[in-house]
Structure formats: structure tokens, C-alpha cells
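Here the structure comes first, spelled out in C-alpha cells, and everything after it is commentary.
The values are calculated or read from the model by the stated rules, or taken from the named source; none is laboratory data. Since the model is a prediction, treat every value here as computed from it, not as a measurement. Backbone-built Cβ (ideal geometry, glycine too); neighbour counts: all protein chains shown.
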């Protein structure tokens, strides 16, 4: 297996979950129905804050994690710069999932799964601020999404041939736990998590 095949296999295995995590309902779930700009930014900041903490804890394990932590600290500072103040809220369940991973291969796979999930969310953030007629903030999230893909690619490049199974299991766990949280949050809000045709 190679890096592109790995990413494709994660996407194929989690096609339904990722299509819904990449829908407009994902921001509704992320903000628990509070779609004001400051709340959207604050929740986006939360994602980067806890990512930086998580990957910093792994930094001694592999350079890919140190690079991811640095990138997420920069993203956090950029997003918080658009807010008057920020006090981190509750962490998404995916950060508990990541924290439970043991071993470099599993963590690299978890990092890839995180990048796939957060990449979908960041795509929705780009669209949200485009809709708010705020092209500068939209461009910020477009740039962040590209940098998240760079983080993903560095993690993929670090995987050795015998790492793929452990990495794939971890990536799938992150995606599925993100989807479960999305699904349960929308149900709690009285919103149908499934697309209505």
C-alpha cells in the first residue's frame, strides 16, 4: 500500500460518515445549533487548541507529530485573532480517541483520520464565511485546510510497510467516533442527521 491508496481506503470505508461530516449540518452540530459567527470561530478554535495539545503530547514520538502541533498552534493563534477572547470549550470526542492510541503507527493513522475529518469541517467553515460575505476569513480557512492536508501527507510519508493495518484501524476509529458524535449531537438537537431526499 502507498499513501494515496491508504487515504482512498479510509475514505471508501467511511464514505457515508465522511459525506455527512462534510455537509452543512456538521457546523450545526459543531456549534450545537448556535450559528453566529463568534460561536463558529470559537468552536473552530477549540478544534485547533485540542489538536495542538494532543499532538504536542506525542511530539517526542515522531517529527510528524511535532510538525502537526506547530501547525495547529499557528492555526489556533490565527483563528483566535479574529475573536475578542477565547476560553477553550469542551473537546470533541475525537481527541479522547486520539489520546487512547498507543504506538507510532496507530498515532500516525489517527493523525491521518483526524486530518480527513477536520479537513471536511474546515471545508464547511470556508463555505460558511463565503456565505457571510467575509472572503478574508473564508480564505483563512481555505489556507488552513491546505495546511492540514500537508500535515496528513507528512504522517502518511512516515508510515512504513508494516504499519498500514494499525494505522488504518486507528484512522477508521477517529472517523467513526467523529461521526457518532455528529449523529448524536444532531439527534439531541432534534435534527435528522441523515440527508432528506
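Can residue 44 be described as more than 19 Å from residue 125 (Cβ to Cβ) and touching a helix residue (DSSP H, G or I) at 6+ places or on another chain (Cβ under 6 Å)? No: the conditions fail for residue 44.
Being surrounded by 24 or more Cβ atoms within 10 Å (Cβ to Cβ), in contact (Cβ under 8 Å) with a residue 40 or more places away in the chain and either in a helix (DSSP H, G or I) or more than 17 Å from the chain's Cα centre (by Cα) (or both) is true of residue 115. Of the residues making up the stretch 118-142, those that are surrounded by fewer than 17 Cβ atoms within 10 Å (Cβ to Cβ) and either modelled with pLDDT under 95 or more than 23 Å from residue 16 (Cα to Cα) (or both) are 130, 131, 132, 133, 134, 135, 136, 139.
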